[in-house]
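These notes are about the structure you will find just below.
The values are calculated or read from the model by the stated rules, or taken from the named source; none is laboratory data. This one's a predicted model, so the numbers in the text were calculated from it and none came from an experiment. For neighbour counting, all protein chains shown are included, and Cβ atoms are generated from backbone atoms with ideal geometry for every residue, glycine included. The accessibility values were calculated without ligands, DNA or RNA, using every heavy atom of the protein model including side chains. Shrake-Rupley method; radii C 1.70, N 1.55, O 1.52, S 1.80 Å.
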Amino acid sequence: MEVFLIRVLQFILAISLLVLLHEGGHFFFAKLFGVRVEKFYIFFDWKFSLFKFKPKNSDTEYGVGWLPLGGYCKIAGMIDESFDTEQMKQPEQPWEFRTKPAWQRLLIMIGGVLVNFLLALFIYSMILFYWGDTYIPVGEINMKFNDEAKSYGFRDGDILVAADGKLFKDFSADLYRMISDAHDVEIFRDGKHEHISLPGKLNLLDMLKSEPRFVEPFLPAEIDSVLPGSPAEKLGLEAGDKIMSLNGHPIDSHNTFLYELGRLDDLLAVAKTHEDSLKVRTVTLTFKGSQRDTVQGIATVTVNGTEMPSASIVTEYGIFTKQVVLTENLKLGIMARQLTSLYKPITVEYGFFESIPAGIKYGWNVLTSYVDDLKYVFTAEGAKSLGGFGAIGSLFPPMWDWYMFWKMTAFLSIILAFMNILPIPALDGGHVLFLLYEMITRRKPSEEFMIRAEYVGFGILILLMVVANLNDILRWLGYL
């Protein structure tokens with residue numbers, strides 16, 4: 001529950017800040033050009049609001065709604081999500097949006113997107129200035145590949161160097177993008193550089209979603225620590241022990257161990273009775289003790305107050321084979337060695353003026369990568385990958401971390417800016433599209449057309465929101 005609340009608080013704080021500044025962008029340009037803003041709300045106040053006030057001699061009511069689906073800035077003389085058609089029937093007033101020149105109306109409409117985009121670049125710049133850029137160079141990491149990658153010529157232990165001549169930086173989604181588009185990948189193997197040819201059109205979504213993934217850092221099967229009270233502790237596992245097999249399947253790395261647990265999870269999902277579940281969770285584990293000799297005999301493990309036999313079979317010096325019952329979520333209770341304990345991270349520091357161009361470059365790369373990835377949304381698997389509030393909230397760390405909070409806030413600001421500029425009626429981009437049409441043709445779309453377009457756009461947004469949040473529910477229930 002604590003983890004859930006921390007993530008919710010981070011999500012609400014980030015969204016509130018982004019909505020406030022987004023609507024503030026519209027508000028700024030509206031006031032700059034003398035357009036009256038009737039309401040300025042964070043979140044929607046359908047039927048009622050949590051808080052509202054109207055300063056003396058002000059035309060604007062400020063408030064906080066109860067529905068956290070965004071916010072709005074109700075601008076006089078404009079057809080928007082409020083669907084206030086009665087106002088549009090009144091005579092035009094000089095302080096209304098509809099009476100202003102098209103270029104002023106255009107700036108008012110892009111004000112929110114502009115603020116969100118500039119905010120993201122500013123946050124990225126300040127992150128680099130305050131924290132620097134800390135990462136483990138890929139050129140030092142031994143990698144582990146799945147069967148598809150090995151079919152192209154990769155081998156476990158290869159070190160990735162470059163894709164089409166461009167050096168890899170760190171292990172991130174960018175590395176997958178570079179490989180997916182590459183025709184030539186340079187690797188370092190057995191003390192020499194080699195090249196692997198690729199088709200240049202690998203499916204990025206498949207690379208990321210496959211189990212095991214196309215490529216991951218190689219993590220040894222050596223245990224770093226054992227959680228107190230876990231099945232691993234009851235079994236007698238200790239730090240430094242090395243897992244060798246699970247249910248007879250050889251384990252050459254922690255990556256493979258997690259993959260085998262994933263296969264058990266598939267079996268657990270179709271288990272119908274407690275006995276079926278217990279059978280899946282009862283596994284045979286072979287491990288090599290780092291500091292102990294083998295001991296013959298029969299040990300017992302206590303599960304939910306019931307003692308169960310755990311056979312100890314001597315196979316060779318220092319090798320143990322035992323039975324153990326995993327937890328209901330298939331946890332053994334061990335922690336593997338982390339990358340930071342295997343490789344030394346480096347930190348690139350930036351001065352204030354150096355951080356600004358570096359932050360702009362970083363933010364632009366995030367935007368172009370996000371836009372490039374959108375092509376997968378129009379595939380069956382891509383549609384399943386859509387996520388709503390639950391998916392967005394889960395991106396925040398389970399503990400309060402200001403570095404990750406600001407990084408996620410900047411990322412969401414980029415997404416908010418791009419999504420809002422899409423030419424969909426009811427979004428800023430839809431209004432921009434109609435304004436550009438007006439500026440080119442010198443003809444305004446009729447109010448009736450604009451109202452109908454707003455309804456269509458609003459319907460599309462509701463549909464997308466339903467699909468995205470339904471995906472969250474199905475993932476939570478284990479159907480996706």
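Relative to the longest principal axis of the Cα atoms of the chain, the long axis of helix 254-269 lies at roughly 80 degrees. Over the chain, DSSP H runs of length four or greater, each weighted -39,500 (n - 2.57), average out per residue to a 222 nm ellipticity of -14500 deg cm²/dmol. Peptides 106-115, 260-269 ranked from most to least packed by the mean count of surrounding Cβ atoms within 10 Å: 106-115, 260-269. Between T134 and I360, the modelled label-to-label distance comes to 2.8 nm, taking each label 7 Å out from Cα in the direction of the beta carbon. Since only Q90, M109, F51 are under comparison, the one whose Cα sits farthest along the positive direction of the charge dipole of the stretch 1-138, derived from C-beta charges on Lys, Arg, Asp and Glu, is Q90. Computed extension gain for T284 through E447, at 0.36 nm per residue and net of the alpha carbon distance, reaches 51.6 nm.
Seen from every direction in turn and averaged, the convex hull around the alpha carbons of the stretch 342-470 projects onto 12.5 nm². For the stretch 1-46, the Kirkwood radius over C-alpha pairs fed into Stokes-Einstein at 25 °C and 0.890 mPa s yields D = 198 µm² per second. Put simply, the convex hull of the Cα atoms in the stretch 79-161 casts, on average, a shadow of 12.2 nm². A crude spin-label estimate for the pair D266 and S172, with each label 7 Å from Cα along the Cβ direction, gives 3.2 nm.
Taking the square roots of 5 times each eigenvalue of the Cα gyration tensor of the chain, largest first, gives ellipsoid semi-axes of 53, 27, 21 Å. Residue order by solvent-accessible surface for F171, F257, F434 is F171, F434, F257, largest first, with ligands and nucleic acids left out and a 1.4 Å probe.
R0 = 35 Å: FRET efficiency of F389 with D184, Cβ-based, nearest 0.05?
The formula returns an efficiency of 0.25 here.
Each label was represented as a point 7 Å from its Cα along the Cα-to-Cβ direction; for D224 and R475 these points are 2.4 nm apart. Relative to the dominant Cα principal axis of the chain, helix 102-130 is inclined by about 30°.
Summing Lys and Arg as +1 and Asp and Glu as -1 over all other residues whose Cβ lies under 9 Å from the Cβ of Y62 gives a net charge of +2. Helix 428-441 axis versus longest C-alpha principal axis of the chain: approximately 40°, rounded to the nearest ten.
Relative contact order (percent) for the chain, with alpha-carbon contacts under 8 angstrom and 6 or more residues of separation? Computed over the chain, the figure is 17 percent. Shape summary: the stretch 117-228 maps onto an equivalent ellipsoid whose semi-axes, from the alpha-carbon gyration tensor, are 26, 21, 15 Å in decreasing order.
Note on the stretch 1-99: Cα-only Rg and Dmax are 15.5, 55 Å. When you filter the trypsin sites (Lys or Arg not before Pro) in the stretch 419-480 for DSSP loop state and at most 15 other Cβ atoms inside 10 Å of their Cβ, you are left with R442, R443. Return the FRET efficiency for the residue pair E275, L17: r is the Cβ-Cβ distance, R0 is 45 Å, and the value is rounded to the nearest 0.05. My answer for the efficiency is 0.30.
Computed over Cα pairs, the Kirkwood radius of the stretch 36-187 leads via Stokes-Einstein (0.890 mPa s, 25 °C) to a diffusion coefficient of 118 µm² per second. Counting protein heavy atoms only, the chain has 62 percent of its accessible area on carbon and sulfur, 1.4 angstrom probe. Taking a straight line from the alpha carbon of K31, these lysines sit under 19 Å away, with near neighbours fewer than eight places off in the same chain left out: K39, K54, K56, K74, K100.
Rounded to the nearest 0.05, what FRET efficiency do K209 and K242 have when you use their Cβ-Cβ distance and R0 = 25 Å?
Values: r = 29 Å, r/R0 = 1.18.
Given R0 = 25 Å and the Cβ-Cβ separation, E is 0.25.
In this structure the amide hydrogen of K144, modeled in the peptide plane, comes within under 5 Å of the amide hydrogens of G157, E216, F218, none closer than 5 places in sequence on its chain.
The residues of the chain expose on average 55 square angstrom of accessible surface per residue, using a 1.4 Å probe on protein heavy atoms. The alpha-carbon of K201 sits under 29 angstrom from the alpha-carbons of these lysines, leaving out residues fewer than 8 places away in its chain: K144, K150, K166, K169, K192, K209, K361, K375, K384.
Here Y403 sits with roughly 60 square angstrom of accessible surface, probe radius 1.4 Å. Residue-normalised convex hull volume from the C-alpha trace of the stretch 395-435: 62 Å³ per residue. For the peptides 319-326, 359-366, 186-193, 92-99, the ranking by mean Cβ contacts within 10 Å, running from highest to lowest, is 319-326, 359-366, 92-99, 186-193.
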